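The values are calculated or read from the model by the stated rules, or taken from the named source; none is laboratory data. These numbers come from a predicted model, not from an experiment. We place every Cβ from the backbone using ideal geometry, glycine too, and count neighbours over all the protein chains shown.
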Amino acid sequence: MQKEKNVVEFYVLCNTLKNIVRTGWKQWGVELNRIESVADHIFGTQMIAISMWSEFDYELDIKKVLCMLAVHETEEILIGDLTPFEITKEEKQKLGKEATKKVFGHLSNAEYFEKILEEFNERKTQEAKFAFWCDKLECDLQCKIYDEQNLVDLTKQQNNTDLQNPMVQKVLNEEKSWSGAWLRFSEMRYGYDKNFLSVSTFAKKNKILTKNQKKF
C-alpha cells in the first residue's frame, strides 16, 4: 500500500497551496475577501501555457512545461510565497531546492521532479524560458484584472516595501495605471520574446474584462 500512501500524502501536502495567499497582492493591499492563492496561480500559469502554445508557433514539449509550472511552486508549501524584493534569486533557489527535496522525497520519481525544477531555474532550455514567462505573465494579467476591478488604492501604500525599488518607482511615475506599471516592469525585467511581449502590450492597451466578469 506504499504507492497509494505516497499519492495521498503528496496530494494532502500540496493541498495546502490552496490556502497560501500570494504575497504580492497582500503587499499592495488588494481589497478582496478571497485573494489569489498559490494554487490559483499555478492553474493560471498552466492555462496561459496552453493558450500561448496553441496560438503561437512554439516547438516545445508542452507536457514538460506544464509539469514545470506545477512543480516550481511546490517549494512554497515549506518556505512560503517570497517576492523578488524580499530575497535574492540565488537565495530563493537554494531554499527552494531544499524544500522541493522534502516535498517530493517520498515519491518514486523524486529525482525527475528535482531535475525539472533545476531546469526551470536555469532557464537555458526553450521549455524553461517559456514556463518562466508564463509564470510572470500570469501575475501581470491577474494584476490587470484586479486593477480593472478597482481593488487597489495607490494612495494607501505607506507600508508597501515594493515601492522602495527604484524601477518600481520609475514605472509607476511613467505609466497611467497600477497594472500598466506592473506589465511594463515585467517587460523590462524578464526578457519576454515577441509573442509574450505582444500579449503584454495588448493587455496594457485594452480592457480585458467584460462588464459581467467585473462582478466576480
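Restricting LYS115, LYS102, LYS64, LYS97 to residues that are of a type outside the set (S, T, N, Q), in contact (Cβ under 8 Å) with a residue 40 or more places away in the chain, more than 30 Å from LEU163 (Cβ to Cβ) and assigned to a helix (DSSP H, G or I) narrows the list to LYS64. Evaluating ALA131 against the criteria (1) within 20 Å of the chain's Cα centre (by Cα); (2) small (Gly, Ala, Ser); (3) farther than 30 Å from PHE10 by Cα; (4) surrounded by 13 or more Cβ atoms within 10 Å (Cβ to Cβ) leaves one unmet condition, (3). Checked against the criterion of being touching a Gly at 6+ places or on another chain (Cβ under 7 Å), in contact (Cβ under 8 Å) with a residue 24 or more places away in the chain and among the charged types (D, E, K, R), the candidates GLU127, GLU138, GLU148 yield just one match: GLU138.
Is it the case that LEU209 is modelled with pLDDT of 90 or more, more than 17 Å from the chain's Cα centre (by Cα) and not charged (D, E, K, R)?
yes
Exactly one residue out of LEU183, LEU209 is farther than 25 Å from PHE132 by Cβ and aliphatic (A, V, I, L, M), and it is LEU209. The residue of region 22-45 that is surrounded by the most Cβ atoms within 10 Å (Cβ to Cβ), among those that are more than 23 Å from THR155 (Cα to Cα) and touching a residue at least 60 places away in the same chain (Cβ under 8 Å), is THR45. Do you know which of the residues in region 29-57 that are of a type in the set (Asp, Glu) and within 12 Å of the chain's Cα centre (by Cα) is farthest from LEU163 (Cα to Cα)? Only one residue fits best here, namely ASP40. Of all residues in region 34-59, those being charged (D, E, K, R) and either in a helix (DSSP H, G or I) or in contact with a Lys or Arg (Cβ under 6 Å, 6 or more places away or on another chain) (or both) number 3. Tallying residues that are surrounded by fewer than 13 Cβ atoms within 10 Å (Cβ to Cβ) and small (Gly, Ala, Ser) within region 155-209 yields 1. For region 115-129, a residue qualifies if it is under 17 Å from GLU98 (Cβ atoms) and touching a helix residue (DSSP H, G or I) at 6+ places or on another chain (Cβ under 6 Å), and the qualifying residues are ILE116, LEU117, PHE120, ASN121.
Can you find even one residue in region 158-168 that is in a helix (DSSP H, G or I), out of contact with any Phe, Trp or Tyr (no Cβ under 7 Å at 6 or more places or on another chain), modelled with pLDDT under 95 and of a type in the set (S, T, N, Q)? Scanning region 158-168 turns up at least one residue that is in a helix (DSSP H, G or I), out of contact with any Phe, Trp or Tyr (no Cβ under 7 Å at 6 or more places or on another chain), modelled with pLDDT under 95 and of a type in the set (S, T, N, Q).
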